[in-house]
Every structure is written in C-alpha cells, then in structure tokens.
Amino acid sequence: MIEDFDVGSDWHVAAPYDFLRRLRQDRPVFRSEHLGAYVLTRYADVRAAYGDPRRFSSKGSLTISRSLTRETKEKLGEHGSFLSSFVANVDPPDHTRLRRSVSRAFTPRAVAAMEQAFRRLNEELLDRLEARGRADFVSEIGHEPSIKLTARFIGVPEADEAFVQAHVKDWFQLFLSPQPPDRQLELADSFLTYLDYVDRLVAARAKDPQDDFTSLMTSLIGAELTHREVVELISTILLGGNDTVPNQLGNAVLRLLREDAWPVPPELVPNAVEECMRIDGAALGSFRYAVTDVTSHGVTIPAGSLVLLSTDSAAHDESVFPDPERFLIDRPNAAEHMVFGYGIHFCVGAALGRLQLRTALEVLGRRLPRLRFVAGEPIAYRRSLVGRGLAALAVEW
Ligand code: HEM
C-alpha cells in the first residue's frame with residue numbers, strides 16, 4: 001500500500017487517485033515527508049484555505065523547491081530571489097496592486113480578440129501536418145499554437161520565439177525544481193541571458209509602445225509597478241502560456257481518445273473541456289505557508305509549515321462530484337473544479353486558457369475526426385511536483 005507521494009515515480013502524476021481517495025477518507029490533513037508539506041485533500045478544505053489568505057499565505061510559496069548552491073547564488077547576484085515579486089507569490093496589499101495592473105491586459109474584449117488568431121495558428125499547423133497522417137501530439141501539435149499566441153500577446157517578435165522558448169524552460173527548471181550543481185550553473189547562465197532579453201524588450205517598448213502586454217505593463221512602471229515586477233510578470237506569463245495550456249490540451253485529447261469520445265460535437269466542447277480539466281487537471285494544486293497554527297480534523301499544522309492545497313484531489317472528491325473516476329462529458333457541475341485555483345489568486349489567464357482549449361478541440365475535431373493512438377507506443381508523463389503533462393503521445397489519423 002502506498003504511504004506517501006513519490007514525485008520520482010510514474011503513478012504520482014499518472015494515477016494518484018486511489019491514494020488520494022484514501023487520504024480524503026482517512027487522513028484529510030496529511031503530513032507528507034516526501035513533499036515536506038501538509039496536504040489538504042478534501043474539496044471543502046482546499047476551497048476554505050484558498051479563501052483565507054490571512055492564514056494561508058502565498059508569500060514565497062512558488063519557490064518551494066529552490067535549492068541553489070552558493071556558487072549559483074553568487075552567479076545570479078541580485079537575481080537570486082527571482083519571482084519574489086511575482087503576482088502569485090505575494091500577499092495583499094502587494095497582490096492587490098499587482099493583480100489590478102495585470103488584469104488590465106485580460107479584459108473580456110482583449111481575450112475574445114485572440115480567438116481568431118489562435119484559430120488561424122491551429123489551422124496553419126494542420127495545413128502543414130495533415131498529409132503526413134501521424135505525429136507526436138505533444139511536440140508537434142499541442143504546443144506550437146499556444147506558444148505563438150502567447151509570444152504575440154506579450155509582444156515577442158516572431159524571429160525571437162525559439163530563443164525565448166528555450167530560455168523559458170531553463171529558468172523554470174532552475175527555480176522550480178531541484179537540479180545538480182553543474183546543471184544549476186548552466187541554467188543560471190541561460191537565465192541571465194533571458195533576463196537581459198526581457199530587459200531589452202521592456203526598454204524597446206518604453207521608447208516605442210505597441211499594442212501588446214509588454215507595452216501596457218511598461219507604461220505602468222513608476223506609477224503602479226516597478227521595473228522588476230514587470231520583468232517577472234512578462235517572464236512568468238510567457239511560461240504560463242507556453243506550458244499549462246498545451247499540457248491540459250494533451251491530457252484532454254488522451255482522455256477523449258481513451259473514452260471513445262472523439263471528435264467532440266461542437267455544442268459539447270465547453271463542458272467537455274471542464275470535465276477533462278476536472279478529471280485530468282494540468283495543475284495539481286497550489287502551495288501556501290500557514291501563517292498561524294491551524295488545527296483541522298484533529299491535526300495541528302504548525303505556523304510556518306508548507307501546505308499543498310490539492311486541487312487534483314478536490315476535483316475527485318466524491319462528495320462534490322459523484323462517481324468521480326467516471327468521465328461524464330455532460331457532467332452538470334464539472335466547472336466547479338479548482339484547477340485554475342480559487343479566491344484572490346484565481347488564474348488571471350483562465351478565460352484565455354479556456355478559449356484556447358475550446359478552440360483547439362473544435363478545430364482538431366473537425367480537421368482530424370479519425371484521430372487515434374498509434375498502437376504499442378508508450379504513454380508517459382513528465383515528472384513534476386505541481387503539473388500534469390504528457391512527455392509524448394503518438395497519434396495517427
Ligand atoms: C489550463 C491552463 C492553466 C492552468 C491549469 C492554470 C492554473 C493556475 C492556478 C492553479 C493558479 C493559482 C495559483 C495560486 O493560487 O497559487 C494560476 C494563477 C495564475 N495564472 Fe494560470 N493557469 C493556466 C493558464 C494560464 C494562462 C494562459 C496565463 C496567462 C497568459 C496564466 C497566468 C496566471 C497568472 C498571472 C496567475 C497568478 C494570479 C494571481 O496570483 O493573482 N495562467 N493559474
């Protein structure tokens with residue numbers, strides 16, 4: 001019987017639900033030695049913690065697995081605490097101010113305006129691939145349209161897209177997952193090159209504003225935001241757009257193929273997206289720090305402890321989602337999952353993420369109605385503490 005999470009093994013990301021069910025039942029506040037955190041698994045507890053930022057703080061919560069060596073820290077200098085002022089990593093009142101600024105770029109009108117561009121990116125990709133009859137969904141279909149859309153939203157010129165993509169991956173690894181010392185130094189080099197690039201982009205937009213996120217945020221420097229905050233926002237949103245949406249899309253396509261639900265009729269797409277997010281979420285949860293001692297279900301979480309709010313478990317909580325391991329394309333309350341978080345840090349890109357997932361399923365379903373797995377190819381997930389995404393998915397049509 002499994003007694004703890006094990007980030008190094010496949011079941012942790014691919015199929016943790018039996019374990020999570022037992023935790024919800026028997027140990028709803030679970031101390032995980034492996035994660036070095038208390039884990040909340042019941043829907044009501046996860047929601048209550050998200051809704052209580054005074055007791056469950058976000059300050060520094062994103063940089064949990066940072067384990068940089070002295071040499072790496074020296075190399076990074078003042079940038080060693082990168083992300084310290086990122087919107088998801090701070091509490092009010094800083095959060096309130098940052099969130100207000102970021103939200104200016106995600107108005108419903110601005111998001112809706114991206115649909116056409118995203119549709120076109122998907123159509124163009126398929127124009128190139130369709131005749132081939134097979135592809136790796138993850139590397140050849142799922143990522144490209146989202147990466148290009150995000151680059152345009154931010155204002156990265158097309159010629160720089162590949163450069164930015166390579167460096168975004170590097171800094172994410174450096175700050176959010178433990179790395180051996182030599183690799184840290186390599187990643188630190190890459191990160192400094194990337195920071196320099198973002199700095200130059202900000203300087204270029206300060207001089208000559210365009211219709212993009214970087215220009216809008218740059219115009220707020222001095223009034224609402226600091227230069228550092230703008231650089232962190234741009235860097236992190238490039239990452240948010242590059243990775244989470246394609247991961248969720250891959251999970252959704254895998255699920256729909258397995259359930260024999262491909263292609264999804266257009267009128268069912270919005271709810272199918274929610275049910276796919278609920279049952280195979282691309283985010284596994286959010287970390288917080290307990291500000292005071294918190295006692296719940298007879299367990300005291302000491303002040304200062306790291307706490308994982310397991311949205312992955314909450315999305316499978318049988319008291320909210322009956323028969324939770326069953327995929328129901330028309331499940332009435334599928335959208336009540338918290339895969340986009342909840343409360344003051346609720347994902348600012350949720351509408352944009354949903355728009356991309358719906359558009360992609362619609363276009364792919366219409367263009368590749370006979371999509372199926374390539375028999376015999378293994379299905380593997382990337383190893384991760386906080387995200388669920390496939391490493392590869394061989395498909396044919
Ligand atoms: C399916 C795709 C996505 C998933 C599953 C996802 C998930 C999440 C989650 C769980 C949070 C809450 C973090 C916390 O409470 O600690 C969050 C926050 C955030 N997300 Fe997303 N996200 C997605 C797409 C995006 C996109 C496309 C963008 C931007 C283009 C974005 C930008 C952000 C930002 C800036 C925050 C911080 C908000 C705040 O702290 O107030 N996300 N996301």
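Observations, loosely collected:
- 1.4 Å probe accessible area per residue over the stretch 284-336, in Å²: 42 Å²
- In this label model, Ile344 and Ala303 are separated by 1.9 nm, measuring between points 7 Å along each Cα→Cβ vector.
- What a 1.4 Å probe finds exposed on the stretch 223-345 is 56% carbon and sulfur by accessible area, rounded to a whole percent.
- The label point for Arg22 and the one for Arg326, both projected 7 Å from the Cα toward the Cβ, are 2.5 nm apart.
- Taking all Cα pairs closer than 8 Å and separated by 6 or more residues, the relative contact order of the chain comes to 26 percent.
- Cα gyration tensor category, rounded, prolate or oblate, for the stretch 135-256 with a/c compared to 1.5: oblate
- Simple spin-label estimate for Glu267 and Ala44 in nanometres, 7 Å along Cα-Cβ: 3.7 nm
- Of Lys75/Lys207; Lys73/Lys169; Lys75/Lys169, pairs whose Cα-Cα distance is over 24 Å: Lys75/Lys207
- When the chain is treated as a Gaussian network with alpha carbon springs shorter than 10 Å, the biggest mean-square fluctuation among Gly241, Gly304, Gly353 belongs to Gly304.
- Rounded Å value of the spacing that divides the Cα centres of the stretch 286-311 and the stretch 312-330: 24 Å
- For the residues Ala335, Ala162, Ala14, a GNM of the chain with alpha-carbon springs under 10 Å puts the largest fluctuation on Ala162.
- Taking the charge dipole of the chain about its Cα centre, with +1 at Lys and Arg Cβ atoms and -1 at Asp and Glu Cβ atoms, the residue from Ala15, Ala112, His95 reaching farthest to the positive side is His95.
- Cα gyration tensor shape of the stretch 191-277, rounded if a/c is under 1.5, else prolate or oblate by comparing a/b with b/c: prolate
- Tensor-based shape of the stretch 254-357 (alpha-carbon gyration tensor, a/c under 1.5 rounded, otherwise prolate or oblate): prolate
- Only aspartates and glutamates eight or more places from Lys59 in sequence, or on another chain, were considered; those with a Cα closer than 12 Å are Asp91, Asp94.
- At an R0 of 35 angstrom, the distance between the Cβ atoms of Ala166 and Asp260 translates into a FRET efficiency of 0.40.
- At least 18 Å along the helix axis (C-alpha) and Kyte average at least -1.0, DSSP helices within the chain: 114-129, 161-176, 181-207, 227-239, 245-258, 350-367
- Subtracting the Cα-Cα distance of Asp196 and Ala159 from 0.36 nm times their residue separation leaves 11.6 nm of extension gain.
- The residues of the stretch 194-251 expose, per residue, 38 Å² of accessible area to a 1.4 Å probe.
- Length-normalised contact order for the stretch 262-358 - Cα pairs under 8 Å, 6+ apart - percent: 34 percent
- Trypsin sites (Lys or Arg not before Pro) within the stretch 14-59, DSSP loop, no more than 16 other Cβ atoms inside 10 Å: Arg54, Lys59
- For the chain, built as a Gaussian network whose Cα springs stay under 10 Å, the top-fluctuating residue of Asp196, Asp45, Asp208: Asp208
- Förster radius 30 Å - calculated FRET efficiency between Arg120 and Arg382 (Cβ-Cβ, nearest 0.05): 0.55
- Restricting the stretch 258-331 to GluC sites (Glu not before Pro) in coil, as DSSP defines it, with at most 14 other Cβ within 10 Å: Glu318, Glu325
- Normalising the average separation of contacting C-alpha pairs (under 8 angstrom, six or more residues apart) by the number of residues puts the relative contact order of the stretch 16-83 at 16 percent.
The values are calculated or read from the model by the stated rules, or taken from the named source; none is laboratory data. The structure presented is a predicted model; accordingly, all values stated were derived computationally and were not measured. Here the Cβ is made from the backbone with ideal geometry for all residues, glycine too, and neighbour counts use every protein chain on show. In case anyone asks, the SASA skips ligands and DNA or RNA and just uses the protein heavy atoms, side chains included. Shrake-Rupley method; radii C 1.70, N 1.55, O 1.52, S 1.80 Å.
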